[in-house]
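What follows is calculated from the coordinates using simple rules that are stated; it is not laboratory data. None of these values were measured; they are calculated from a predicted model. When we count neighbours, we look across all protein chains shown, and the Cβ atoms used for this are built from the backbone with ideal geometry, even at glycine.
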Amino acid sequence: YLITVLEALRPRSFSEREKSYTIKVFTFQFFNYFSSLIYVAFFLGRINGHPGSYVRVAGKWRLEECHPSGCMTDLFIQMFVIMTLKQTFSNLMEYLFVLFNFLPLFNLFFISVVIQYSFTTIFVAAFPLAPLLAFINNLFEIRLDAIKMVKLQKRMVPKKANTIGIWYYILEIIGILSVIGNGLVIAITSDFIPMLVYQYTFSPCKQKNSTGIDCLTGYINHSLSVFNVQHFENTVNLTDSMGNKITHCRYRDYRNNDDYSHSIKFWHIFAARVAFLFVFEVSVCIPSFTGIVLPSFAPVKEKQSGLCVRVRVEHDREQTSGMGKGHQHLHPSSGLGLWSS
């Protein structure tokens with residue numbers, strides 16, 4: 001069975017082998033670059049438990065948590081490092097490798113461009129400056145490529161290609177992932193939905209019905225849960241700077257104060273996140289669905305237009321044949337080169 005599967009997966013032509021190799025290399029590079037971003041955006045601070053019941057690795061080490069302001073800060077910093085320091089270092093190393101003949105010139109050209117396009121689209125909601133930084137980086141990279149082609153590698157042999165091949169479908173997949181990724185970042189990673197829920201449900205504006213009050217007043221206190229310090233895994237006596245005994249602390253979550261289970265506020269926000277994600281994905285994908293549905297009517301339109309042309313030709317032919325029946329052509333030997341009725 002394994003041999004049969006391997007035989008089915010083995011490419012049978014050069015183009016199939018190139019496509020298979022490209023997909024595998026890009027998939028490996030994609031997960032290599034985006035694994036940390038996916039972890040920071042969707043898992044960091046959400047699987048570490050809560051005070052008194054932390055999730056620990058090997059029973060010793062706690063999992064790391066997000067910045068007190070939220071996980072968007074960590075994701076922003078991660079994207080900034082990638083789009084600035086990493087791109088600058090990559091361009092420098094690429095230039096030095098070609099300078100000392102350590103690396104062929106354009107063996108990874110397409111994959112680097114597609115990876116950069118992925119960074120500027122999938123997590124652009126967390127780092128809106130990504131397209132601008134990519135544009136600035138490409139301005140310098142164009143000059144570096146010109147130097148490499150003119151000075152370092154002369155008389156380059158061009159290769160003709162009609163299309164970009166499998167890369168076109170990879171770009172389409174990245175476009176789909178960008179819609180899904182940005183929707184998840186806005187709905188799950190950011191505080192956009194919790195702030196809206198608080199503004200329209202628990203805020204002073206909702207309770208007092210006043211327009212002169214900031215509707216987000218008290219949001220930070222609303223987003224924190226209360227924990228009794230006596231319920232820590234290792235009970236300790238805590239005191240503040242004034243020497244007063246600390247009995248309770250607050251942490252960022254929506255949990256009940258008695259059993260530390262998820263409160264009703266958590267489920268309200270969770271339902272709002274799911275509803276927003278559904279509306280966002282559907283509204284963004286409507287043009288794509290329209291583009292898929294409308295081409296199905298194109299063959300019908302072409303068939304109708306071809307039928308109209310055929311009817312017109314038949315009509316002209318009938319008119320021509322009718323004119324010929326109403327006239328008789330005289331034989332040239334009669335000496336009259338005329339048509340007579």
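Which order do SER283, SER90 fall in if you start with the one that has the fewest other Cβ atoms within 10 Å? Present the calculation step by step, with values, prior to reporting the outcome.
Working: SER283 10, SER90 16.
Arranged by neighbour count, lowest to highest, SER283, SER90 become SER283, SER90.
What pairs in LYS60/LYS265; LYS19/LYS159; LYS24/LYS159; LYS86/LYS151; LYS24/LYS151; LYS60/LYS86 have C-alpha atoms more than 28 Å from each other?
Working: LYS60/LYS265 32 Å; LYS19/LYS159 17 Å; LYS24/LYS159 23 Å; LYS86/LYS151 25 Å; LYS24/LYS151 33 Å; LYS60/LYS86 33 Å.
The answer is LYS60/LYS265; LYS24/LYS151; LYS60/LYS86.
Can you sort MET156, MET72 from fewest to most other Cβ atoms within 10 Å of each residue's own Cβ?
MET156, MET72
Going by how many other Cβ atoms sit within 10 Å of their own, how do ARG273, ARG17 line up, fewest first?
On the way: ARG273 18, ARG17 12.
Starting with the residue having the fewest Cβ neighbours, the order is ARG17, ARG273.
Provide the net charge surrounding TYR21, with neighbours chosen by a C-beta distance below 15 Å and charges set as Lys +1, Arg +1, Asp -1, Glu -1.
Values: positive: ARG10, ARG12, ARG17, LYS19, LYS24; negative: GLU16, GLU18.
Every neighbour counted, the sum reads +3.
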